[in-house]
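Novice: The structure is given below, and queries will be raised subsequently.
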């Protein structure tokens, strides 16, 4: 990944990175589509596996997002939280407070029911903070779950 220009804003502590991700509600998924990029906001779940950030996304098994995942197998992503405009007397003095995470990595459709359940549980934990969810077999069979493993990830904050 290209080095961050503002190293003074880089977050490198793994626990703090996970905390920033935990404070986000929406992941913006970027997928290559011909000459352009298709960006879609999605609900997500986050887990750490062997020190790597893994994001789970649920949705329909058909449509533009699912087609592009199957075609390309690679995605970019962005998450942010805590945005607050900070005013000044002059326009050029304005800035914003924020926390953000960007990255990219391989993305694939999850095939097994067991991993789908893990992914759906992660999505529900991210959305609700609860971990006591069960998922009926029919619902698991019907839903498409995507797994995005961050090959590269950068976290930044300006408070």
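Derivation of every value follows stated rules applied to the coordinates shown; laboratory data play no part. Not measured: the values here are computed from a predicted model. Every residue, glycine as well, gets a Cβ built from its backbone with ideal geometry; the counts of neighbours run over all protein chains shown.
Novice: So for 100, 18, fewest C-beta neighbours within 10 Å to most, what's the order?
Specialist: Numbers: 100 19, 18 16.
With the fewest neighbours first, 100, 18 line up as 18, 100.
Novice: Could you list 35, 16, 65, 156 in order of exposure, starting from the residue whose Cβ has the fewest other Cβ atoms within 10 Å?
Specialist: Values: 35 5, 16 13, 65 22, 156 19.
Exposure proxy ranking, most exposed first: 35, 16, 156, 65.
Novice: Given the options 24, 144, 92, state which has the largest fluctuation in a GNM of the chain using a 10 Å cut-off (strictly under) for Cα springs.
Specialist: 92
Novice: Pairwise over distinct Cα atoms, reciprocal of the mean inverse distance: report the Kirkwood radius of the stretch 116-159 in Å, one decimal place. Before the final figure, lay out each step's value.
Specialist: On the way: mean 1/r = 0.0791 Å⁻¹.
Kirkwood hydrodynamic radius for the stretch 116-159: 12.6 Å.
Novice: Just check the stretch 12-98 against the gyration tensor rule for me: Cα atoms, a ≥ b ≥ c as the square roots of the eigenvalues, rounded for a/c under 1.5, and otherwise prolate or oblate depending on whether a/b exceeds b/c. Kindly include the intermediate steps, with their values, before the conclusion.
Specialist: Working: a/c = 2.62, a/b = 1.47, b/c = 1.78.
It is oblate, given that a/c is not under 1.5 and a/b is not larger than b/c.
Novice: Okay, moving on. P(r) for the stretch 66-159: what percent of alpha-carbon pairs falls in each 5 Å bin, starting at zero?
Specialist: Histogramming the stretch 66-159 at 5 Å steps yields 3, 11, 14, 15, 17, 13, 9, 7, 5, 3, 2, 0 percent.
Novice: Compare 23, 36, 82 in a GNM of the chain, Cα atoms joined below 10 Å, and give the one with the largest fluctuation.
Specialist: Looking only at 23, 36, 82, the biggest GNM fluctuation is shown by 36.
Novice: Mind sorting out which of [x] 2, 8, 17, 20, 18, 14, 10, 5, 3, 1, 1, 0; [y] 1, 8, 15, 17, 15, 10, 7, 6, 5, 4, 4, 3, 2, 1, 1, 0, 0, 0; [z] 2, 8, 16, 17, 14, 13, 11, 8, 5, 3, 2, 1, 1, 0 is the real P(r) over Cα pairs in 5 Å bins from 0, in percent computed from the coordinates?
Specialist: [x]
Novice: Same structure, new question: Go ahead and estimate [θ] at 222 nm for the chain from helices alone: -39,500 (n - 2.57) per DSSP H run with n ≥ 4, summed, over the residue count, rounded to 500. Present the calculation step by step, with values, prior to reporting the outcome.
Specialist: Details: 4 runs with 40 residues, N = 159.
Rounded to the nearest 500, the figure is -7500 deg cm²/dmol.
Novice: To the nearest 10 degrees, how steeply does helix 113-128 sit against the main Cα axis of the chain, on a 0 to 90 scale?
Specialist: With both axes taken from Cα atoms, the answer is about 40 degrees.
Novice: If each of residue 149 and residue 71 carries a label point 7 Å out from its Cα toward its Cβ, how far apart are those two points in nm?
Specialist: In this crude spin-label approximation the distance works out to 2.5 nm.
Novice: With a 10 Å Cβ neighbour count serving as the proxy for reagent exposure, in which order, fewest first, do 38, 94 appear?
Specialist: Values: 38 15, 94 11.
The fewest-first ordering by Cβ neighbours comes to 94, 38.
Novice: Taking the simple approach of a point 7 Å from Cα along Cα-to-Cβ for both residue 64 and residue 96, what is their distance in nm?
Specialist: 2.2
Novice: Work out, step by step, the length gained on full extension between residue 139 and residue 52: first 0.36 nm times the residue separation, then minus their alpha carbon distance; give nm to one decimal. Could you put the intermediate results ahead of the total?
Specialist: Details: separation 87, 0.36 × 87 = 31.32 nm, distance 2.80 nm.
Net length gain for the segment: 28.5 nm.
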